[in-house]
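Heads up, the thing below is written out as structure tokens.
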Amino acid sequence: MAISFIEKSRRHLNRTFVSLNIRDFRFLTLSSLGMGYGQWFQMIGLPLIAYDMTGLGAQVGLITALRGGIVIVASPIGGILSDKFNRRIVVILSSAMGAIQAGVLAAILLTGFAHVWHLYVFSLLEGFATGINQPARIAFVRDVVDTPDLPNAVAINSIAMNGARVTGPPLAAAIYGFFGGGALFLALAVVKIMAMA
């Protein structure tokens, strides 16, 4: 009886994560997890740096609103691009754009040359990259998973993104608190490079 219970549990567990048996989907899931962390590092880091530079809460709101507004504007463009071009290429290029902007901002912060206007520029660039990336990344799930396993793949992809949503902000705050904004954006650049896989 115990063996049959263990066997049933194993089969159920295998069925629960069936889409992870697909190699390309495993890479996409890890990439989505990395991109989720990157988004939260950016969303936490830029406002904290703005507040540290200026001491003004209004700067936090303005930078956050700029990023959110650009994501809203860029997302339909990302949807069009993901329908007209190879989704994998769209995901890679938009992730590369995010990695480059994070690396440049990390260099500016680590060298002490950062000004508030830099934060606005990088918030704009990151919002645009995210707006292009997300629709293509979500649609790309369909490209790598067959129809019978698609609902499972969508659920696993959502779990990865929500896992980053839960753990990303405290991790970003810890990196910022212990090592500073430059280290946070250096970590962000690394995470976004990994998300290009």
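A short reminder: the numbers here are calculations on the coordinates, not readings from a lab. This one's a predicted model, so the numbers in the text were calculated from it and none came from an experiment. Positions of Cβ are generated from backbone atoms using ideal geometry, with glycine treated the same way; all protein chains shown enter the neighbour counts.
With Cβ to Cβ distances under 14 Å as the rule, what net charge do the other residues near Ile89 carry (K, R +1; D, E -1)? Counting the neighbours of Ile89, the net charge comes to +2. Per residue, the convex hull spanned by the alpha carbons of the stretch 33-86 comes to 79 Å³. Here, the chain is characterised by an Rg to Rh ratio of 1.06, where Rg is the alpha-carbon radius of gyration and Rh the Kirkwood radius. Placing +1 on the Cβ of each Lys and Arg and -1 on the Cβ of each Asp and Glu in the chain, which of Leu119, Ile132, Ala58 has its Cα farthest towards the positive end of the resulting dipole? Positive-most Cα among the choices belongs to Ile132.
A Cβ-based charge dipole, computed about the Cα centre of the chain with Lys and Arg at +1 and Asp and Glu at -1, lands at about 480 debye. The slack in the chain from Met196 to Phe113, taken as 0.36 nm per residue of separation less the alpha-carbon distance, amounts to 27.0 nm. Each principal axis of the stretch 92-193 carries a Cα extent, and these read 53, 26, 18 Å when sorted largest first. The Cα center of the stretch 166-197 and the Cα center of the stretch 96-160 differ in position by 13 Å. Label sites at Asn86 and Val104, each approximated as a point 7 angstrom past Cα along Cα to Cβ, lie 2.6 nm apart. Considering helices alone, the calculated mean residue ellipticity of the chain at 222 nm is -31000 deg cm²/dmol, with DSSP H runs of length four and up weighted by -39500 (n - 2.57) and normalised per residue.
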